[in-house]
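Just below is one structure, and these are the notes that go with it.
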Amino acid sequence: MSGNILIVEDEPKLAILLSDYLRASGFEPSCLSNGAEVVPWTREHKPDLIILDLMLPGCDGIEVCKNIRSFFCIPIIMVTARIEEIDILLGLELGADDYICKPFSPREVVARVKAVLRRAHDGQTIQVQGLVLDKHRYRATLHNKDLELTAVEFNLLQFLANSPGRIYNRQQLMDKIYPDERIVSDRSIDSHIKKLRRKIESVDPSAKLIHSVYGVGYKFEQGTS
Ligand code: CA
């Protein structure tokens, strides 16, 4: 197994230890020690997985996790110094993929990294005329250019692209992307679609992938509208 792993850890010895173990297992690790550096670094380098310590200088792991999740849904493993904190973290529904408590054995961390990546790999990759939806990295590209979708936009596009030509009404789309039944106005679907189209058009102005079906909803289809 391979991949770029970002280790965010402010204890240098621990970061080096983890880094060595990951490299020995075939991964390419990078290390950051300040929470405030994580988001810009992630935007630029798009790692395959992040090992994120909870207590960090600059910006704590919770804020970092939330922030990354708003634009990029890569696997995140959170590391805490106290077992009780895992319960708190789970309650916050940050969307991290796994939690590890210190002290840990680096071997265990490598095993968890592999398991999380394997799970993420299970999803399919959708490829339609220049559009690639990589569920492993929650990454959407059009003609090899990153669309920088939020998690909601990615899920919406993936759902529509799974069944080209099929028309979905707003309620169906909301049920799909807000499975926790949060109360959202069906206009919020329109606003997500609008942003999705804008991102797609900024890469390829002639790409018409999401079509409005008047009075009904939306469908994914290639071609012009
Ligand atoms: Ca720390």
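The values are calculated or read from the model by the stated rules, or taken from the named source; none is laboratory data. Note that this is a predicted model, so its numbers are computed, not measured. Positions of Cβ are backbone-derived with ideal geometry, glycine not excepted, and every protein chain shown enters the neighbour counts. Keep in mind that these areas ignore ligands, DNA and RNA; they rest on the heavy atoms of the full protein, side chains included. Shrake-Rupley method; radii C 1.70, N 1.55, O 1.52, S 1.80 Å.
So the values come out like this:
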read-out	value
Of residues in the stretch 41-59 being among the acidic types (D, E) and surrounded by 15 or more Cβ atoms within 10 Å (Cβ to Cβ), the one farthest from L147 (Cα to Cα)	D53
Segments classed as helices (runs of 4 or more DSSP H), wholly inside the stretch 1-118, with at least 3 members that are within 14 Å of the ligand (Cβ to nearest atom) and not polar (S, T, N, Q)	12-24, 61-69
Residue list for the stretch 60-81, filter: open to solvent by 10 Å² or more (accessible area, probe 1.4 Å) and at pLDDT 85 or above	D60, I62, E63, K66, N67, A81
